[in-house]
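A quick write-up on the structure given underneath.
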Amino acid sequence: MATVTLSAEPAASITADALVVGVARGPKGPVLVAGSDTSTQTRRALSRLAASLSAVGATGAADEVRVLPAPPGIAAATLVTTGLGERRTRYEHEALRRAAGAAARTLAGRSRVVLALPAATPAEVDAVTTGALLGGYTFHRFRQASAEQAKPGPKAFVVATAHGGERPVRSALTHAQTVSAAVALTRDLVNTPPSHLPPKQFADTAADAARRVGLDVTVLDEKALRRGGYGGIVGVGQGSANPPRLVRLAYRHPKATRHLALVGKGITFDSGGISIKPAAGMEAMKSDMGGAAAVIAALVAVGRLKPVVNVTGWAPMAENMPSGSAQRPSDVLTIFGGRTVEVLNTDAEGRLILADALAAAGAEQPDLIVDVATLTGAQLIALGARTSAIMSNDDDVRARIHALATRVGEAMWPMPLPDELRKGLDSQTADIANIDNARQAGMLSAGVFLKEFVQPGQRWAHLDIAGPAYNQGQPYGYTPSGGTGIAVRTLVALAEALAEGPF
């Protein structure tokens, strides 16, 4: 990941490959926004360009980037304008993240980039830094003959701010770097092909990353899972030559009085099993472990940030494949804790491994459980490819998570868990069926299923990130094509919120 430094020097005097400034939409046309840099040198240099913004096609719209020769007085080789949207006295943090990210994407292959965007407060420095680091992300691990054609993101960013010497601002920079590194780890895991990330390798990678920041690590293999009664994970994984795993990561703070449990779906590849998926688009199913990746990376970030809260992460991992040993429609599985499930559709496998992990997490009686999963295609139909769903058995929890997600720039929307959907999951053979045969309200029905494995009185929330976890379209803002790292920032913010007081 790129380095980031703070500088109180006039942005125009800093030697770099590019100087990035904002452009906003004003009532009379585009307006240059040089952030917190009020130096005479920078203002004079930029004033030479202000009158010609419209001529170069700059409007100030989000994701609009223009690369121009630097005017006299600017030490950087090029000047880059990036859209901030409507002109404001104070710009929303997501607008800053997106503007910095769009510029960073455009500047792939450059070495040093100066960001002269609004960065007068710790929150603004966090936003600009996060946007730049996430926008500069690239994944080129598997390029060989074409490696020279794939330009890496910028190697270094300089955030121009007159407040770089203040402790809160420096802390904001460190926080942004830590969380951005966690998002990048999630993206790397999601982008890694299933040939290189079967459950065992996924578990080993998670354990290595966790131990480096001092987390406690427990990994259960297929034999331990059978002995422990994790029938959902075993059942889903039994059709694959790559056996399943369950990873438990634990962060403990000596002064903590609250406990957060995070559970992430880790299907390293989802063929659908016997209920096999259509071939078209199946390649994106390498991303079906995005929830587990987000939980693992969030725990790593928590281990570095050290909030005063205990956090446990549960990552059930399996590969869902068809074979002679695969589970069949009508099979019955016994979930951790003893509840039985009739498998009516083997492509509704994520909820089976989550059921085991939710039950195990609940046995430790945390103050809050949050699961994250690329769970249903119905999420895409309901909310699209950029907005995740939040469901919960507690209205206040759902509202707080929505507020946190909005603050950190992750689009999520509250959804209900209608009681009447439970009847559709009745089974004539077992305690519950894994799908509603009516196939209505599929996203909500999946949430209702998971709720059955949460102990009465236990506060719990479910995040369905099926669409937002993997961008199959063009990059935008700080979001690349492929793995997005969605939910990491929200989970870290959630742990920090619990550290500050009751949730």
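Laid out as a table, the results:
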{"read-out": "Out of Ala318, Ala361, Ala326, sole residue that is among the hydrophobic types (A, V, I, L, M, F, W, C), buried (at least 24 other Cβ atoms within 10 Å of the Cβ) and not in a strand (DSSP E or B)", "value": "Ala361"}
{"read-out": "Hits in the stretch 415-461 (condition: at pLDDT 95 or above, loosely packed, with under 15 Cβ neighbours inside 10 Å and either of a type in the set (Phe, Trp, Tyr) or at positive phi (or both))", "value": "Gly457"}
{"read-out": "Residue within the stretch 305-314 that is in the same structural domain as Gln238 (by TED's automatic domain parsing), surrounded by 24 or more Cβ atoms within 10 Å (Cβ to Cβ), touching a Gly at 6+ places or on another chain (Cβ under 8 Å) and in contact (Cβ under 8 Å) with a residue 40 or more places away in the chain present", "value": "yes"}
{"read-out": "Residues that are closer than 24 Å to Asn345 by Cα and assigned to a helix (DSSP H, G or I), drawn from the stretch 392-420", "value": "Asp419, Glu420"}
{"read-out": "Among residues of the stretch 399-421, those that are closer than 20 Å to Ala469 by Cα and under 19 Å from the mean Cα position of the chain (by Cα), counted", "value": "14"}
{"read-out": "Where a residue in the stretch 421-449 is in contact (Cβ under 8 Å) with a residue 12 or more places away in the chain and assigned to a loop (DSSP other than H, G, I, E, B) and its partner, wherever it lies, is surrounded by fewer than 18 Cβ atoms within 10 Å (Cβ to Cβ) and hydroxyl-bearing (Ser, Thr, Tyr), with Cβ under 7 Å and at least six apart", "value": "Ala430/Thr340; Asp431/Thr340"}
{"read-out": "Failed item, numbered, when Val308 is tested on (1) farther than 24 Å from Gly228 by Cα; (2) in contact with an Asp or Glu (Cβ under 8 Å, 6 or more places away or on another chain); (3) not hydroxyl-bearing (Ser, Thr, Tyr)", "value": "(2)"}
{"read-out": "In the stretch 168-190, residue farthest from Ile267 (Cα to Cα) [restricted to those that are surrounded by fewer than 21 Cβ atoms within 10 Å (Cβ to Cβ) and touching a strand residue (DSSP E or B) at 6+ places or on another chain (Cβ under 9 Å)]", "value": "Arg170"}
{"read-out": "Subset of the stretch 425-437 that is over 32 Å from the mean Cα position of the chain (by Cα) and not β-branched (Val, Ile, Thr) - its residue that is farthest from Leu352 (Cα to Cα)", "value": "Gln428"}
{"read-out": "Val217 vs. criteria at pLDDT 95 or above, touching a Leu at 6+ places or on another chain (Cβ under 8 Å), not in a helix (DSSP H, G or I) and not small (Gly, Ala, Ser)", "value": "yes"}
{"read-out": "Those residues of the stretch 198-234 which are farther than 14 Å from Ala292 by Cα, surrounded by 17 or more Cβ atoms within 10 Å (Cβ to Cβ) and hydroxyl-bearing (Ser, Thr, Tyr), in sequence order", "value": "Tyr230"}
{"read-out": "Residues located in the stretch 283-315, provided they are farther than 18 Å from Thr484 by Cα and either outside any helix (DSSP H, G or I) or more than 18 Å from the chain's Cα centre (by Cα) (or both)", "value": "Lys306, Pro307, Val308, Val309, Asn310, Val311, Thr312, Gly313, Trp314, Ala315"}
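For every residue, the table says whether it meets (1) surrounded by fewer than 22 Cβ atoms within 10 Å (Cβ to Cβ); (2) out of contact with any helix residue (DSSP H, G or I) (no Cβ under 7 Å at 6 or more places or on another chain); (3) not β-branched (Val, Ile, Thr).
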| site | (1), (2), (3) |
| --- | --- |
| Ile14 | yes, yes, no |
| Asp17 | yes, yes, yes |
| Gly60 | no, yes, yes |
| Val67 | yes, no, no |
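The values are calculated or read from the model by the stated rules, or taken from the named source; none is laboratory data. All values derive from a computational prediction rather than experimental measurement. No Cβ is skipped: glycine too gets one built from the backbone with ideal geometry, and neighbour counts run over all protein chains shown.
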